[in-house]
C-alpha cells in the first residue's frame, strides 16, 4: 500500500484536510482526520493505482467542503452560553471597571466548559487587562518620562554609556514603536474576543 | 426558480433528511464508516460528497443518537463502528412517521395537477 505516487496523493489530501480544519478544536480535528483516513485506506485497498486513488478522493470530496460541513453542523446547534458571552465581554472591556472586571472575566473564562485549555491561555494572555491596557499605555509611558538604558560596549575597562529614551518624543523610532504598541494593544484584545466567540462550544442540547 | 438535482432546493432537502438517512442505514445494526458511506452513496442523489457524512456522524454522536465502538478487523487496523442508541431508534421512528405524512401530503398536491 505504501508505494510512491498514490501514497503521496493520499498524504497531500490529508494534509489539505489538516490545514482546512486548523480552526476546529483539536479533538474534533483529530477525530475528523482519523475518520477520513480510515475511509480512504479502505476505499483504495491494498495496491491502488494512481487513478483509483484520485477517484476515491474525488468521491470523498474537497477537504474544504468537509470542514465547512463540520462548521455548519456545529453552528446549527444552539448558541453559546451566557457565561461564555459574559467572559468574552469582560475580558474585552472589563478592565475599565477598575481592572476588576477583567479579573472576573478570567475567572469566568477558566470555569467555562466552552473552551479548551489552549484557547483559555490565549484568552488570558492576549492581552491582560483587555482594551483598558491600551488606554493606560500613554499614562504609564508618560509617568515614566525618560528612562535610561545602560549600554555597555566592549573593551576593558568597559566603556559605559547611558542612552536616554524619552517618551516626550525624541526620535521617530520611539513614535513608531509606541504607536505600533498602541495599535497592537487595541487590535489584539478585539481579535482575541472574536477568536473566543468563534471557538466557543455551544451549550449541550 | 431553478430546479436542478444539485441546485439549492434539493441541497436543502438533502441536508434536512440526510441525518435520518444515516440513522436509517444503522437501523439494522452497526456499520463501519466506509461501509455506511458506500451504502448511502449507492442511493441516487443522496450524497454530493462522501466525506461530509463524517461531520454529520460526529454531530449525531454528540446528540446521543449514535455511538462509536472500536472493533478489531480481520485485515488491517481496528475500525470505528457506528450504531444507533435507543434514543436514536426512537428519534428515527418519530421521523419516519412524520416523513410519511409529509411525503403523502406533497405527493397528493403534486398529483392533483392533472385533475384540476
Checklist outcome for this item: Given all pairs of distinct Cα atoms, chain B yields a Kirkwood Rh in Å of 15.9
Item to check | Calculated SAXS-style log₁₀ I(q)/I(0) at q = 0.13, 0.22, 0.23, 0.25 Å⁻¹ - segment A:1-76, Debye, Cα scatterers | outcome: -0.38, -0.96, -1.02, -1.16
Checklist outcome for this item: Quick calc, residue A:37 & residue B:75: beta-carbon distance into FRET formula, R0 22 Å, rounding 0.05, result 0.85
Next on the checklist: Please report, in whole Å³, the volume per residue of the convex hull around the C-alpha atoms of segment B:42-93.
Outcome noted: 123
Checklist entry - Which angle from 0 to 90°, rounded to the nearest 10, does the C-alpha axis of helix B:8-25 make with the longest principal axis of chain B? => result 40
Checklist entry - To the nearest 10 degrees, how steeply does helix B:33-42 sit against the main Cα axis of chain B, on a 0 to 90 scale? => result 20
Checklist entry - So how many Å³ per residue does the convex hull of the Cα atoms of segment B:1-53 work out to? => result 67
Checklist entry - What is the ratio of the Cα radius of gyration of segment A:84-139 to 2.2 N^0.38 Å, where N is its residue count, to two decimals? => result 1.06
Checklist entry - Of all the Cα-Cα pairs you can form in segment A:1-132, what percent are over 27 Å apart? => result 42
Item to check | Full-stretch length increase - residue A:125, residue A:178 - with 0.36 nm per residue and alpha-carbon distance subtracted | outcome: 17.1 nm
Item to check | At R0 = 41 Å, FRET efficiency that the Cβ-Cβ distance of residue B:110 and residue B:67 yields, to 0.05 | outcome: 0.60
Item to check | Between helix B:53-62 and chain B: long-axis angle, C-alpha atoms, 0 to 90°, nearest 10 | outcome: 80
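Every read-out reported here was derived from the displayed coordinates using simple, explicitly stated rules and does not represent laboratory data. Please read all numbers here as calculations on a predicted model, not as lab measurements. For neighbour counting, all protein chains shown are included, and Cβ atoms are generated from backbone atoms with ideal geometry for every residue, glycine included.
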